[in-house]
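Notes to accompany the following structure.
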Amino acid sequence: MQNAIVGTNCTIDEGVTLGYEYDPESEPAKLGDDVTLRAGATIYTDVTLNDGVQTGHDVLVREQTEIGAGTVIGTKTVIDGYTDIGEHVSLQTGVYVPSETTIEDEVFVGPNAVLTNDPYPVRQDTDLEGPTVKKSATIGANATVNPGVTVGKRAFIASGAVVTEDVPPNTLAVGVPAEFKPLPEKLQGKNDLR
């Protein structure tokens, strides 16, 4: 594995592509200790997976991405590179994370949620800007978060919501397009992963 630096006590299943070279000048992929990569995962060069990161099957993590300690990346999740993901994040099955996205610590992203980064697809000279998801936010299953949107600390995006503007901290976003409501008491303090 000349394109990867692997820490101690890592589990790498057969069928993993570790250190996929997208550029001959790229740096090796770096795995911390106790990292688990399941079959079908593809990890590019210039990726850092810190201690205790775990992937499901068929995960893709592209270049210039750093993923914090204790993060779980669900089966068939795609992280399209140039992205920072914090510690103790949970990305469930089938999540899409585009380039130029920031996800802070202790965020939960439900199955098949889609984050986007292109305000004008099929673009011409458009700057890409992925969402920023602040600490301890929750994004429900099948939700969509539009380019450049900031999801505030401890905000909660309901399943299926389409978020087109910034979500204030400690707020519930629900509907299409999402409307903001006070965070119900039963959700306050419940979306902390630790």
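Can you pull out every residue in segment 170-181 that is in contact (Cβ under 8 Å) with a residue 12 or more places away in the chain and surrounded by fewer than 16 Cβ atoms within 10 Å (Cβ to Cβ)? Don't jump to the end; show me each part of the working.
Within segment 170-181, the first condition is being in contact (Cβ under 8 Å) with a residue 12 or more places away in the chain, and the residues that meet it are 170-178, 180.
Once the filter is applied, which keeps residues that are in contact (Cβ under 8 Å) with a residue 12 or more places away in the chain and surrounded by fewer than 16 Cβ atoms within 10 Å (Cβ to Cβ), segment 170-181 yields Gly175, Val176, Pro177.
Considering only residues that are within 9 Å of the chain's Cα centre (by Cα) and without any contact (Cβ under 8 Å) to a residue 12 or more places away in the chain, which ones fall in segment 96-131? Scanning segment 96-131 gives no hits. Only residues that are crowded, with 20+ Cβ neighbours inside 10 Å and either without any contact (Cβ under 8 Å) to a residue 40 or more places away in the chain or part of a loop (DSSP other than H, G, I, E, B) (or both): list them for segment 76-86, please. Of everything in segment 76-86, those that are crowded, with 20+ Cβ neighbours inside 10 Å and either without any contact (Cβ under 8 Å) to a residue 40 or more places away in the chain or part of a loop (DSSP other than H, G, I, E, B) (or both) turn out to be Thr77, Ile79, Asp80, Gly81, Ile85, Gly86.
Just one of (1) more than 16 Å from Tyr96 (Cβ to Cβ); (2) at pLDDT 95 or above; (3) outside any strand (DSSP E or B) fails for Asn112. It is (1). Out of Leu60, Leu49, one residue alone is assigned by TED's automatic domain parsing to the domain that holds Gly7 and within 12 Å of the chain's Cα centre (by Cα). It is Leu60.
May I ask you to say which residue of Tyr44, Tyr22 is of a type in the set (Phe, Trp, Tyr) and surrounded by 21 or more Cβ atoms within 10 Å (Cβ to Cβ)? Step through it out loud before you land on a result.
Values: Tyr22 fails: surrounded by 21 or more Cβ atoms within 10 Å (Cβ to Cβ).
One residue alone meets the criteria, Tyr44.
Report, by residue number, each residue of segment 101-118 that is touching a Leu at 6+ places or on another chain (Cβ under 9 Å) and farther than 17 Å from Thr77 by Cβ. Those that are touching a Leu at 6+ places or on another chain (Cβ under 9 Å) and farther than 17 Å from Thr77 by Cβ: Asp105, Glu106, Asp118.
Only one of Gly15, Gly40 is assigned to a loop (DSSP other than H, G, I, E, B), small (Gly, Ala, Ser) and either modelled with pLDDT under 95 or out of contact with any Asp or Glu (no Cβ under 8 Å at 6 or more places or on another chain) (or both); which?
Numbers: Gly40 fails: either modelled with pLDDT under 95 or out of contact with any Asp or Glu (no Cβ under 8 Å at 6 or more places or on another chain) (or both).
That would be Gly15, the only listed residue that is assigned to a loop (DSSP other than H, G, I, E, B), small (Gly, Ala, Ser) and either modelled with pLDDT under 95 or out of contact with any Asp or Glu (no Cβ under 8 Å at 6 or more places or on another chain) (or both).
The values are calculated or read from the model by the stated rules, or taken from the named source; none is laboratory data. Only a predicted model underlies this, so the values are computations on that prediction, with no experimental measurement involved. Cβ sites come from the backbone with ideal geometry, for glycine too, and all protein chains shown count toward neighbours.
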